[in-house]
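For reference, the structure is listed below as structure tokens.
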Amino acid sequence: MPSIERCARSPRCRGRSVAIELFRIDDRLIHGQVVVGWGQPLNLGFIALVDDEVAGSEWEQELYRMGVPPEMDVYFATPDDASRQLEAWQADQRPGVLLTGDIDTMRRLIELSPSITAVNLGGIHHRAGRTLKLRYVYLSPQEEEALRALERKGVAVSAQDVPSARAVPLEDVLRGEADR
């Protein structure tokens, strides 16, 4: 498989497990910013998309597969399935990213897999009941509390839309001052 060969030639990942480089919440799931913006700098070999609805829909899975290059694998799972697969994904020689479309799905996965120690907030966009925190992050009071609860459990939460941007710690996100 080309992505395995590419990783095997890379000094960064030769001879070691790379695991999952990023646990990301992004309501757009697989899109250009993930595939190109994160995929190229991290040399991704796979994306694990964790979502109950998508995991049960072959049609949606095919749509998401069309958005990634052929050398990149895409795995679809529910949080329960992902918790059982996580060890295998982390043992993969290729770098990977795990995506959820919402905070609650990531929270459920972390409850099942406490080895997850850091979460990246990508795009969480406007909808009723949410307020602007960063130009790409809108949160409801319930979502803010869920993120605080993750941090209280020892999970580092930060927002970063692309790798070249500064990671914004959760407290700065919640104050809504990082972009202003």
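The values are calculated or read from the model by the stated rules, or taken from the named source; none is laboratory data. Just so we're clear, the structure is a prediction, and the values are computed from it rather than from any experiment. Here Cβ is always computed from backbone atoms with ideal geometry, including for glycine, and neighbour counts include all displayed protein chains.
The condition (being at pLDDT 95 or above and either within 13 Å of the chain's Cα centre (by Cα) or more than 24 Å from GLU151 (Cβ to Cβ) (or both)) is satisfied by just one residue among SER83, SER57, SER3: SER57. Of all the residues in region 116-172, those that are assigned to a loop (DSSP other than H, G, I, E, B), out of contact with any Lys or Arg (no Cβ under 8 Å at 6 or more places or on another chain) and within 22 Å of TRP89 (Cβ to Cβ) number 6. Of the residues LEU139, LEU109, LEU147, LEU132, the single one that is surrounded by 13 or more Cβ atoms within 10 Å (Cβ to Cβ), closer than 30 Å to PRO69 by Cβ, in contact with a strand residue (DSSP E or B) (Cβ under 7 Å, 6 or more places away or on another chain) and at pLDDT 95 or above is LEU109.
Take the residues in region 150-180 that are under 19 Å from the mean Cα position of the chain (by Cα) and either hydroxyl-bearing (Ser, Thr, Tyr) or at positive phi (or both), then tell me which one is modelled with the lowest pLDDT.
Step by step, filter region 150-180, then rank; the result is SER164.
Only strands (runs of 3 or more DSSP E) whose full extent lies in region 39-105 are considered here, and the ones with at least 2 residues that are free of Cβ contacts under 8 Å to residues at least 60 places away in the same chain and within 24 Å of VAL162 (Cα to Cα) are 46-50, 73-77. Could you give me the residue pairs with C-beta distances under 7 Å whose first residue belongs to region 147-169 and is touching a residue at least 12 places away in the same chain (Cβ under 8 Å), whose second residue is of a type in the set (D, E, K, R) wherever it lies, and which are 6+ apart or on separate chains? Matching pairs, first to second residue: LEU150/ARG107; VAL157/GLU151. Residue check: is ARG108 in a helix (DSSP H, G or I), over 13 Å from the mean Cα position of the chain (by Cα), more than 20 Å from TRP38 (Cα to Cα) and among the basic types (Lys, Arg)? Yes.
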